[in-house]
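What follows is one structure encoded as C-alpha cells, with my remarks underneath.
The values are calculated or read from the model by the stated rules, or taken from the named source; none is laboratory data. This one's a predicted model, so the numbers in the text were calculated from it and none came from an experiment. Note that each Cβ is placed from the backbone with ideal geometry, even for glycine, and that neighbours are counted across all protein chains shown. Ligands, DNA and RNA are stripped out before the accessible areas are found, and what is left, the full protein with its side chains, is counted by its heavy atoms. Shrake-Rupley method; radii C 1.70, N 1.55, O 1.52, S 1.80 Å.
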Amino acid sequence: MTTPQTGVGLDGVRVLVVEDDAVIREATTLGLEMYGLVVQTAPDGLAGWTAYRQQQPDVLILDVMMPFLDGISLCRRIRETSAVPILMLSARSDGIDIVQGLEAGADDCVPKPFDLMVLIARIRAVLRRAQPVKAEGHQVTTLDDLIVDHDALEVSCDGAAVRLTPTELRLLLRLVESAGMVVSRDTLLTDVWDYPDGGDTRLVDVHVQRLRAKIGKSRIETVRGFGFKLRR
C-alpha cells in the first residue's frame, strides 16, 4: 500500500478518538497517523472526558454508543464550555444517532463503517470551518436587533452576546450574505460543510434549528421545498 502524503494542513493536528471498539480505535489511529495527525485515544466516554480536559485536542472523534458516558452526552458536556470541532461516529442506520449527535452540538456525523479518506475529508472540513473568516475591511451587518460583526466574528442579539460554534457561525454568515433570499440546502451543504456533491440535509436542518434557538426562532424562515431565508 502506498503511504499517503502527509501535510495539507493536518501535520501536528491533535485529534482525540473516543471509541470503545479496540479494533476500530487502533485502525483509525494508524490511518490518521499516516496523514500526520497526532492521535490520542480513549476507550469510553468518561476516559474521553478526562483526556479532553488534559490534552485540549484540536478536533474530537466520538463514537455514539459507549459505556459509562455515551458520545452524545460527552459531546453535550464539551459544548457547555468549548466550540472545538467534533465529529460523531454512528453505526445505526435509522439516523436517530445522527440527529441526536447534531442536536448535542456535533459539527458533522460519519456513519460506520467509514472509509478513511471520507473521515480525513471530514476532519479537513471541520478544521477549515474552525479557521477565522475575515471580511475585507470592517463589515458589520445589522438586521433589527441581530448584529453580526464580520471582522471580529462576534454576534449579538437583543444586546446580548451569542456564542456560536464555528459551523453555526459560518452558517449564519452564509445566510447573512443572502439575507432576504432563499438559500437551498444543497447550496448550504456545499458552502458551509464542503460537501461538493450534496449530502445528508439533516446536517443543515439541525444546525438551522440550533441557530434559531440562539438568535430567535422566527428569524430564519423555512421555505418548503426550497431551503431557508434569513429575514431582513
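Observations, loosely collected:
- Residue tally, condition part of a helix (DSSP H, G or I) and in contact with a Lys or Arg (Cβ under 6 Å, 6 or more places away or on another chain), over region 200-231: 1
- Flag if Arg128 is open to solvent by 50 Å² or more (accessible area, probe 1.4 Å), in contact with a strand residue (DSSP E or B) (Cβ under 9 Å, 6 or more places away or on another chain) and among the basic types (Lys, Arg): no
- If you filter region 89-110 down to residues that are touching a residue at least 60 places away in the same chain (Cβ under 8 Å) and not in a loop (DSSP other than H, G, I, E, B), you find that the one that is nearest to Val17 (Cα to Cα) is Leu89.
- Residue check, Ile86 modelled with pLDDT of 95 or more and open to solvent by less than 50 Å² (accessible area, probe 1.4 Å): yes
- Number of the exception - Pro166 against (1) within 15 Å of the chain's Cα centre (by Cα); (2) free of Cβ contacts under 8 Å to residues at least 24 places away in the same chain: (2)
- Taking the numbered list (1) assigned to a loop (DSSP other than H, G, I, E, B); (2) farther than 25 Å from Leu169 by Cβ in turn, Met117 passes all entries but (1).
- Residues in region 180-228 that are basic (Lys, Arg) and either more than 26 Å from Arg122 (Cα to Cα) or open to solvent by less than 40 Å² (accessible area, probe 1.4 Å) (or both): Arg210, Lys217, Arg219, Arg224.
- Filtering region 18-61 to residues that are within 20 Å of Thr165 (Cα to Cα) and surrounded by 19 or more Cβ atoms within 10 Å (Cβ to Cβ) leaves Tyr52, Pro57, Asp58, Val59, Leu60, Ile61.
- Within region 158-179, the residues that satisfy the criterion of being in contact with an Asp or Glu (Cβ under 8 Å, 6 or more places away or on another chain) and open to solvent by less than 20 Å² (accessible area, probe 1.4 Å) are Thr165, Thr167.
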